[in-house]
1. Rounded if a/c is under 1.5, else prolate if a/b is larger than b/c, else oblate: which is the chain, with a ≥ b ≥ c the root eigenvalues of its Cα gyration tensor?
2. Could you grab the relative contact order for segment 264-384? Cα pairs under 8 Å, six or more apart, rounded to a whole percent.
3. How far apart, in nm, are two points set 7 Å out from the Cα along the Cα-to-Cβ line at Lys278 and at Lys258?
4. Based on the alpha-carbon gyration tensor of segment 76-116 and its eigenvalue square roots a ≥ b ≥ c, which shape applies: rounded if a/c is under 1.5, prolate if not and a/b is larger than b/c, or oblate?
5. Just report the Cα centroid separation between segment 334-405 and segment 229-276, whole Å.
6. Students often check this: by mean Cβ neighbours within 10 Å, which of 268-277, 417-426, 394-403 ranks highest, and how do the rest follow?
7. May I ask you to list the trypsin sites (Lys or Arg not before Pro) in segment 220-268 that are in a DSSP loop and have at most 11 other Cβ atoms within 10 Å of their Cβ?
8. Can you pull the percent of Cα pairs in segment 293-441 with separation above 22 Å?
Amino acid sequence: MDKSLIEKAYDSEFFAQMGHKVIDQLKEHLENSISSKNGKVIPWNSPEKELDFWKDFLEKGDSGLFFKEILNRTTHTHNPKYVGHQVAATAPLTALTGLLSSFLNNGMAVYEMGISPTAMERIVTDRLAEKVGYTDQSRGVLTSGGTLANLTALLAARKAMILHDVWNEGHSQPLGIMVSEEAHYCVDRAAKIMGLGNRGIIKVPVNDSFAMGIEKLEQYYGEARSQGIHVFAIVGSAPSTATGTYDNLEAIASFAEKHKLWFHVDGAHGGAAVFSKKYKPLLNGIEKSDSVVIDGHKMMLMPTITTALLFKNGNDSHQTFSQKADYLLTDTDEEDWYNGGKRTFECTKTMMSLHWYLMFKLYGDDIFDEYVTRQYDLTQRFASLLGNDKNFDIAVKPTSNILCFRWVHPDLDMEKTNVLNESIRKELLEDGEFYLVQTKLNGVHYMRTSLMNPFTTLEHLEELVQKIKNIAEKQSKRTS
Ligand SMILES: *Cc1c(COP(=O)(O)O)cnc(C)c1O
């Protein structure tokens, strides 16, 4: 008798066959990517053409080629010439924990639906809190991304700092948060979601290094207060996204303490530097914060999407979404840390603690020390390489693994230089050997690299520089 579709979909033999084949393909992909033998980092295709391909594939494609086609038609983060967006080239074993999570599908909202990953989540967030310099009163959660984690932290901040019960009764006065103008746009979005409005997000200008202008804090705070805005939180970026510059957390901590503000550190990208013996000082002051966000899928080699949100005072984490305003844990109340859904925005989430736990179990803290230190060191060497070349200009000396630079020539004015750099980056994208991104800072167009891949070397970057020069010379001849 023919099998039903359900029987086919759950056929364990077919699953095993496909599984072995995919793992073998990924093994080959990994080897070829790391040695740059796959050729292109990015197989550029226009959205319309790609859409047509997959429409056609759905009708007539060979399903046996499904996984292979995806490998051929997506961006290869494991290729050392990938120097683009801030996502990790995943440690391959964390793809296996991802597989387990997808397969078992424990929803994690309550303890029963994620018994072992819930215990692991407590262990890894405790470990991160200790690294940050928090106390044993601290607690954390894992959640789906830095964006959601920042929003959650700011909701916790409002709950803790505003006496009025905003959660149940809505705003009774204009509220505000302070943040650098270079902060990730999700902080602005969080403030908007919280109903703070434009006035409620007080953007402090940056200094020449693109870090929050500490000397301007009092002025901006004073102005907001005189407009009747109750400022309740300040966010430090560690680092900011465009240039990768760390804010002065120590100074922000003092300011927050003076004015009784909640101090939140957005370390989505660079919070992982707590593991680097060499670069940890960039985070001095983080231990004085009330909450911290660290993405696993950026500088901690894990797959999208997993973020640690840590609270210095564990109680704050329990109250964020509590419906009862007067809910407070007392000494006699048992803390139900194991019912994660009460403390996260999500109801259902993936079993993301598996990635973190396995990394700690197999490699300890040291792998993150090795990785972060290597990438930050490399970026400084890359900056020196460009700094010694009269045809390149860097936006700011790097403090992390993010670097913004542009091609310059004395004959070209600002306008033409902008156009040229945009068009160099476009040609690089369509060429696909390297992948980097771009940004605008004060009206100046920059190419932007995040050195995420642990196999990128200075030699790869020299090749990139040479390639950019060739393109620039060709294109500038064409335009002049
Ligand atoms: C990437 C990033 C975010 C957003 O995090 P997601 O995990 O992409 O949601 C927030 N802040 C900073 C500083 C970032 O680098």
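What follows is calculated from the coordinates using simple rules that are stated; it is not laboratory data. Just so we're clear, the structure is a prediction, and the values are computed from it rather than from any experiment. Note: ideal-geometry Cβ built from the backbone for every residue, glycine included; neighbour counts use all protein chains shown.
1. Oblate is the answer for the chain, as a/c is 1.5 or above yet b/c matches or exceeds a/b.
2. Values: 119 pairs, mean separation 32.8, N = 121.
Worked out over segment 264-384, it gives 27 percent.
3. 3.5
4. prolate
5. If you average the Cα positions of each part, the centres end up 16 Å apart.
6. 268-277, 394-403, 417-426
7. Loop-located and lightly packed - Lys260.
8. On the way: 6889 of 11026 pairs.
Considering segment 293-441, 62 percent of its Cα-Cα pairs are separated by more than 22 Å.
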